[in-house]
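J.: This is the structure I have questions about; it appears just below.
The values are calculated or read from the model by the stated rules, or taken from the named source; none is laboratory data. Keep in mind it's a predicted model, so treat the numbers as computed, not measured. Virtual Cβ from ideal backbone geometry, glycine too; neighbours counted across all protein chains shown. Quick note on the areas: whole protein, heavy atoms, side chains included, nothing else; ligands and nucleic acids left out. Shrake-Rupley method; radii C 1.70, N 1.55, O 1.52, S 1.80 Å.
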2 protein chains.
Amino acid sequence: MNIWEGCKPFNMLSKKTQYAFHALIHLAENADKGPVLISEIAQEKNISIKFLENILLELKNAGILGSKKGKGGGYYLLKTPKEIPLARIIRLLDGAIALLPCVSLNYYEKCDNCRDEAVCGLHDVMSKVRDATLKLLENKTLKDILTKNVAI
Amino acid sequence: MNIWEGCKPFNMLSKKTQYAFHALIHLAENADKGPVLISEIAQEKNISIKFLENILLELKNAGILGSKKGKGGGYYLLKTPKEIPLARIIRLLDGAIALLPCVSLNYYEKCDNCRDEAVCGLHDVMSKVRDATLKLLENKTLKDILTKNVAI
DNA sequence: AAAAAGTCTATCTTTTTTATAGAGTTTATG
DNA sequence: CATAAACTCTATAAAAAAGATAGACTTTTT
C-alpha cells in the first residue's frame with residue numbers, strides 16, 4: 001500500500017503536516033459547533049483515526065488546539081484562523097523550512113561538503129529560496145486556506 | 001552514524017542532490033584540466049566514492065556530463081555552467097519541486113484529502129510557493145553557485 | 001599485457017515515515 | 001456512582017526511502 005503511488009514526492013510536506021492542515025481546516029469551518037470528534041475529522045478527511053490522534057495531540061501540546069474529554073468532548077481551535085501562520089504548522093510537524101540545513105533559520109546545521117559557508121554560492125541561492133518561501137508561509141494563515149468564510 | 005545529527009531536516013534536498021551540486025561545482029572549477037577523476041571529487045568534497053559514482057552516472061545519462069574511460073579518463077561538463085539550471089539537477093535526482101503532489105508541474109498527483117482541488121485554499125498557497133521557488137531555481141544556474149570565476 | 005578508470009547491477013543497512021495497539025484518564029449524565 | 005464516551009500516553013510494528021557498498025565488467029592508454 002504505497003500512498004504516494006508512483007510519483008517522486010521527495011522534499012514535500014509529510015502526510016502528518018498535510019493531515020494537520022486538513023484537520024485544522026475542518027476545525028475552523030466547524031468552530032461554531034463546539035468540540036469536534038477526532039473520529040469525525042478522520043472520516044470527513046479520509047485519515048487514519050489513530051494517526052490523526054497523534055497529530056491533534058501535537059497541535060494541542062503546541063498550544064494551537066484545546067480539547068475536552070468525555071461525552072460531548074473533542075478538539076477545538078484555541079486561536080482564530082488568522083492567528084495561525086502556515087509556517088507554524090510546518091515547523092511543528094515537519095521541521096525546517098529550507099532546502100539545506102545550512103540555510104535553516106530554526107534548525108541550522110553546518111554543511112560538511114563546502115569549505116567555507118561565507119563564500120558558498122549554493123548557500124546564497126538557497127537562502128533566497130528560503131526567504132521567498134517564508135515570505136508566503138509566514139504571512140499566509142489558516143484563514144487563507146479555508147474554503148468557507150468563517151468569522152474571525 | 002546519523003549524518004543529520006539531531007536536526008529535523010525534512011523537506012530538504014537529499015544528500016544525493018547536494019553531492020551532485022558539489023561535484024558539478026568541482027567539475028566547473030576544474031574544467032580546464034580535462035577529465036576529472038571520481039576519486040578526486042570524492043576526496044575533495046568529502047563524499048563516499050561509490051555513492052558518488054552512481055550520482056555522476058545519473059548526470060551523465062541525463063546528458064549533463066560526459067566521461068572518458070581508461071587512463072587519463074574521468075568526468076567533464078557537456079554544457080557550460082550557465083546552461084545548467086539548478087532546478088534541472090534537483091528534478092533529476094530528487095523529483096518534484098513542490099510542497100504538495102497536487103501542485104507539482106512535473107510530478108503532479110491528485111490529493112485525496114480534499115474534495116475539490118479547484119476550491120482548495122491549500123492548493124492556492126502552495127502553488128504560489130512553488131512559483132516563487134521555481135522562479136529562483138530555474139533562473140539560477142551552476143554558474144551562480146561557483147566560487148571562482150570560470151570562463152563561459 | 002597490464003593498469004587505469006568508468007559502467008552496471010545488485011544488495012545491504014539505517015533512518016524516517018506512516019500506521020496501529022492497547023491500557024489509562026477524565027468527564028458527562030442517568 | 002456506574003457507565004460510556006472521548007481524549008491521553010507510550011510503545012511498537014511495518015513499510016518506504018535514503019544512503020552506502022560490493023564486485024564483476026568494459027573500455028582505453030601505454
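J.: Within the bounds of the range A:73-87, is there any residue that is buried (at least 18 other Cβ atoms within 10 Å of the Cβ) and out of contact with any strand residue (DSSP E or B) (no Cβ under 9 Å at 6 or more places or on another chain)?
T.: Yes, that holds for at least one residue.
J.: With respect to A:Leu52, is the statement that it is part of a helix (DSSP H, G or I), within 12 Å of DNA strand D (Cβ to nearest atom) and open to solvent by less than 30 Å² (accessible area, probe 1.4 Å) true?
T.: In short, yes.
J.: Hey, can you tell me all the residues within the range B:90-129 that are free of Cβ contacts under 8 Å to residues at least 24 places away in the same chain and charged (D, E, K, R)?
T.: B:Arg91, B:Glu109, B:Lys110, B:Asp112, B:Arg115, B:Asp116, B:Glu117, B:Asp124, B:Lys128
J.: Same structure, new question: Among (1) open to solvent by 30 Å² or more (accessible area, probe 1.4 Å); (2) at pLDDT 95 or above; (3) within 16 Å of DNA strand C (Cβ to nearest atom), there is one condition B:Glu109 misses while meeting the rest; what is its number?
T.: Checking B:Glu109 against (1) open to solvent by 30 Å² or more (accessible area, probe 1.4 Å); (2) at pLDDT 95 or above; (3) within 16 Å of DNA strand C (Cβ to nearest atom), the one that fails is (2).
J.: Examine the range A:14-31 for a residue that is assigned to a loop (DSSP other than H, G, I, E, B), more than 10 Å from DNA strand C (Cβ to nearest atom) and either open to solvent by 20 Å² or more (accessible area, probe 1.4 Å) or more than 14 Å from chain B (Cβ to nearest Cβ) (or both), and state whether such a residue exists.
T.: yes
J.: Under 8 Å by Cβ, and 6 or more places apart or on different chains, what pairs join a residue from the range B:140-152 that is within 12 Å of B:Leu24 (Cα to Cα) and hydrophobic (A, V, I, L, M, F, W, C) with one that is at pLDDT 80 or above and outside any helix (DSSP H, G or I)?
T.: Between residues of the range B:140-152 that are within 12 Å of B:Leu24 (Cα to Cα) and hydrophobic (A, V, I, L, M, F, W, C) and residues that are at pLDDT 80 or above and outside any helix (DSSP H, G or I), the close pairs are B:Leu142/B:Ile84; B:Ile145/A:Cys120.
J.: Okay, moving on. Pick out the one residue from A:Gly121, A:Gly95, A:Gly34, A:Gly66 that is over 12 Å from the mean Cα position of the chain (by Cα) and either farther than 24 Å from A:Ile145 by Cα or within 11 Å of another protein chain (Cβ to nearest Cβ) (or both).
T.: The conditions single out A:Gly121.
J.: Restricting the search to the range B:64-106, which residues are farther than 30 Å from A:Leu134 by Cα, within 12 Å of DNA strand C (Cβ to nearest atom) and not hydrophobic (A, V, I, L, M, F, W, C)?
T.: Listed by number, the residues that qualify are B:Gly66, B:Ser67, B:Lys68, B:Lys69, B:Gly70, B:Lys71, B:Gly72, B:Gly73, B:Gly74, B:Tyr75, B:Tyr76.
J.: Right, here's the next one. Out of (1) away from every other protein chain (no Cβ under 13 Å); (2) within 12 Å of DNA strand D (Cβ to nearest atom), what's the single condition that is false for B:Tyr75?
T.: (2)
J.: Considering each of A:Thr141, A:Thr80 in turn, give the residue that is within 11 Å of chain B (Cβ to nearest Cβ) and among the β-branched types (Val, Ile, Thr).
T.: Just a single option satisfies the conditions, and that option is A:Thr141.
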